[in-house]
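Participant: Sharing a structure here in structure tokens format.
Please treat every number below as a calculation from the coordinates, not as lab data. Quick caveat, the model's predicted, so the values are computed rather than measured. Glycine also receives a Cβ, built like all others from the backbone with ideal geometry; neighbour counts cover every protein chain displayed.
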Amino acid sequence: MADNISTETAPWKSALPKRQVVLTMAGVMLALFLASLDQTIVGTALPRIVTDLGGFSQFTWVLTSYLVAATVTVLIAGKLSDLFGRKWLLTGAIVVFIIGSVLCGLSATMTQLIIFRGIQGIGAGAIMGLSFIIIGDLFSPAERGKYAGYLSGVFGLSSIIGPTLGGYLTDTLSWHWIFFVNIPLGIIVVILFVFFFPHLRPDYKKPIIDYAGIITMVLTVVPLLLALSWAGVDYEWSSPIIIGILAFSAAMLLIFLRVESRAREPILPLWLFKNSIVTISSIVIFIVGFGMFAAIVFVPLYFQGVLGTTATASGTFLTPMMLGVVFGALVSGQLLSRAGGHYRLQGAAGIAIMLSGLFLLSRMTVDTSNGTAIMNIVITGVGLGATMPLYLIAIQNAVPHSVLGIATSTNTFFRTVGGALGLAIVGSVMNNAFLARFTEDLPVSVSSVIPAEQLNALADNPQALISPDALTQLQELFTGLGEQGAVLFQALLTSLRGALSSAIADVFFVSFLILIVALVVSLFIRQIPLRKHNDQE
């Protein structure tokens, strides 16, 4: 099964009228919009949620539980869809997502919200994985590029709408409505799927579920993601708990690989990676995820902490970047379908554009204008968007239809895990670079005024640059020094901004260097013509 495409007859039968295809795609795009919107809409409301429910020390779990559950579910849903079909699995995923949304909106404690966000994540992971699989059922590889571009654009669109919608609902109604808003749209999608979604089923007489593979995969991925979320934030990288969790994850990975090599119907068929197109695409996707998450997280921090914009404004500065993602994905998808499927050339071009954006981001300083910064993030977004449909189509075109679900799911899985690893690495880079630069550049006249305990706290977390309350408290330390106090306070802020700017620049430069690897690897992908028909036809 190495690099040659299987010519087996796929166990699917499909001859759909155009109206049904249009309504199915509309439902899929709405479902994907719901799942991806929920990744961004919650962030804006988190401060209000913490105020109402308490549990400040747990607030990151509201995001982490969703991410971990979604990531684990992607692979499982992909494989099950190959065994049982897509229709009822995806419909069930939307129902689970709606139930999770209702429970989140009714949460009375932070613990309840964290658990119910995990339920939401299970539904969302299945939705995100299956949405891209379905275009493989509906369209030939030669046509899929433009539709994959549409779906990739949905991610960017949800990132634009999410923060604004979350803030509006929280301010005008309550934070509960950021979850309740999913219910009416989710019900519409379920109705569309029940009546119009094609029930394409495989011909397996008795599907075999790889329970051992599922369990060992979960025990590999969940500890890994938790360790990457905690390392450098809650625990040192060298702490026994992080080392122990990573060691456990590595041990479970070895067991998982052994289980999968012997399973009759493995959750992740290892022979897929004997196909060089699948392997190279997965590596590139993994590394691009690294750069994508770094940009999404650290761009708002730069605008708020370095350029001094408000928290709300810093979030809106992601909008140009996401518009770039939408534009890049749409153009790339259309070009892939219309120009003959040159995914090696287009992939290299997209990564090169993203590299240019990251390099420009790494050159920004405290003196960079808003306009220049926006131009740089737009370039990064266009490059990111341009890569999103390409490797998905390359993978789908290189595998038999019988494994289309799990092969497609690896695309989302590797991007997410790559992003989690990237955030852990560049987070440590930023913390270390900030501490070194701040300690080196802070004038002695300033450090002598601030108590050592508070100075250490600033070195660990420059919250005065992003929290008005923290800034006011810090300023009060200098009020008794008269005019000299005002001068020293400004010198402190200058040191903080300079150190943060330098640290974030290091983050983007490290991302730039890592992404060079993706560019080099992408040049080795074997390009084969995009098939003009599905296996099942």
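Participant: Arrange the following residues from fewest to most other Cβ atoms within 10 Å of their Cβ: Tyr391, Tyr211.
Facilitator: Final ranking by Cβ density, sparse to dense: Tyr211, Tyr391.
Participant: Can you put Ser36, Ser229 in order of Cβ neighbours within 10 angstrom, beginning with the fewest?
Facilitator: Ser229, Ser36
Participant: Using 7 Å Cα-to-Cβ label points, what is the Leu435/Leu257 separation (nm, one decimal)?
Facilitator: That separation, rounded to one decimal, is 3.3 nm.
Participant: Between their Cα atoms, which of Lys87/Lys206; Lys18/Lys79; Lys87/Lys274; Lys18/Lys206; Lys18/Lys274 are more than 26 Å away from each other? Please list the in-between numbers first.
Facilitator: Numbers: Lys87/Lys206 18 Å; Lys18/Lys79 28 Å; Lys87/Lys274 30 Å; Lys18/Lys206 32 Å; Lys18/Lys274 37 Å.
Those over the limit are Lys18/Lys79; Lys87/Lys274; Lys18/Lys206; Lys18/Lys274.
Participant: Would you work out which of Met217, Ile245, Pro207 lies farthest towards the positive end of the dipole of the range 198-273, given +1 charges on the beta-carbon of Lys and Arg and -1 on that of Asp and Glu, about the Cα centre?
Facilitator: Pro207
Participant: So, by mean Cβ neighbours within 10 angstrom, what's the order for 140-149, 432-441 with the highest one leading?
Facilitator: Packing proxy ranking, top to bottom: 140-149, 432-441.
Participant: Enumerate the calculated ³J(HN,Hα) couplings along the range 327-337 in order (Karplus 6.51 cos²θ - 1.76 cosθ + 1.60, θ = phi - 60°), each rounded to whole Hz, writing x wherever the residue is Gly or Pro.
Facilitator: So the Karplus estimates, Gly and Pro as x, are 4, x, 5, 5, 5, 5, x, 4, 5, 4, 6 Hz.
Participant: With a 10 Å radius around each residue's Cβ, average the other Cβ atoms per peptide and rank 127-134, 494-501, highest first.
Facilitator: By packing density, highest mean first, the sequence is 127-134, 494-501.
Participant: By counting other Cβ atoms within 10 Å of each Cβ, how are Phe512, Phe327, Phe97 ranked from fewest to most?
Facilitator: Least to most surrounded, the residues fall as Phe327, Phe512, Phe97.
Participant: Along the charge dipole of the range 16-204, which of Ile178, Leu75, Ser159 sits closest to the positive end, that is, farthest toward it, with unit charges on the beta carbon of Lys, Arg, Asp and Glu (+1, +1, -1, -1)?
Facilitator: Leu75
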